[in-house]
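Accompanying notes for the structure given below.
The values are calculated or read from the model by the stated rules, or taken from the named source; none is laboratory data. Keep in mind the model is a prediction, meaning the values are calculated, not measured. Positions of Cβ are backbone-derived with ideal geometry, glycine not excepted, and every protein chain shown enters the neighbour counts. SASA here: full protein model, heavy atoms, side chains in, ligands and nucleic acids out. Shrake-Rupley method; radii C 1.70, N 1.55, O 1.52, S 1.80 Å.
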Amino acid sequence: RYGEVAVIDLDAALGTGSNDTLLKSLLRKADCRVGGGIRTIERAKELVSLGAKKIILGSAVFRNPERRGAGVDGGEFEVQTELLQKFSTALGRERLIVAVDARGDELVVDGWKTSTGIQVYEAARAVEPYAGELLFTCVEREGTMEGIDLDTVQKLRASVSCSLTVAGGVHTIEEIEQLAELGCDVQLGMA
């Protein structure tokens, strides 16, 4: 009735486990976009074969694995275009969503815990050639029902032309209408 259901396996994302049994059940019941801990093309293809309509990539897209632990100053964080190209080729650009989660206008990863030093607009422009859609979450407003960060959404919308889904703080019909006027889709949770 309302489009795809977003399912994020936070345990897999944080490397503390997996919710595959539940995920497989959900994929049989609804059209889902799936994310959380997807680090290989094989895993993405497995989820698609189980029924996932789209795959959401996050932290892996923005971390150089050769510099893991080096931090912002050590060059740990940068857009992994080679990885994105491989996923895009294997799955098709239209099935690939990249999560551009931000605190303010800074991209964050690792379940929103780690700052990258990358501006969210810069990240969005860099990943757009490989993904059919971006998922933007305003992390400081996620689950608060305090309203969206419309300024950041407007700047992000102006930065890219691909589909953009907005999450984090959305709680009124008026906000949904504002986002629709900007050409954005909405992902609702707490509301």
Checklist entry - What number of residues within segment 15-33 are touching a residue at least 24 places away in the same chain (Cβ under 8 Å), of a type outside the set (Lys, Arg) and over 20 Å from Met190 (Cβ atoms)? => result 3
Item to check | segment 107-146 - residue that is touching a Gly at 6+ places or on another chain (Cβ under 7 Å) and within 18 Å of Leu164 (Cβ to Cβ) and, of those, modelled with the lowest pLDDT | outcome: Arg141
Checklist entry - For segment 70-99, which residues satisfy the criterion of being of a type in the set (Val, Ile, Thr), part of a helix (DSSP H, G or I) and open to solvent by less than 70 Å² (accessible area, probe 1.4 Å)? => result Thr81
Checklist entry - Is it the case that segment 92-104 has a residue that's over 15 Å from the mean Cα position of the chain (by Cα) and under 26 Å from Ser159 (Cβ atoms)? => result yes
Item to check | Matching entry among Ser59, Ser115, Ser49 (being of a type in the set (S, T, N, Q) and within 14 Å of the chain's Cα centre (by Cα)) | outcome: Ser59
Checklist outcome for this item: When (1) farther than 28 Å from Asp151 by Cα; (2) open to solvent by 30 Å² or more (accessible area, probe 1.4 Å); (3) modelled with pLDDT of 95 or more are applied to Arg67, the one that fails is (3)
Checklist entry - Counting just the residues of segment 1-46 that are basic (Lys, Arg) and assigned to a loop (DSSP other than H, G, I, E, B), which one comes out modelled with the highest pLDDT? => result Arg39
Checklist entry - Failed condition for Gly147, given (1) within 16 Å of the chain's Cα centre (by Cα); (2) at positive phi; (3) open to solvent by less than 50 Å² (accessible area, probe 1.4 Å), with all others met? => result (1)
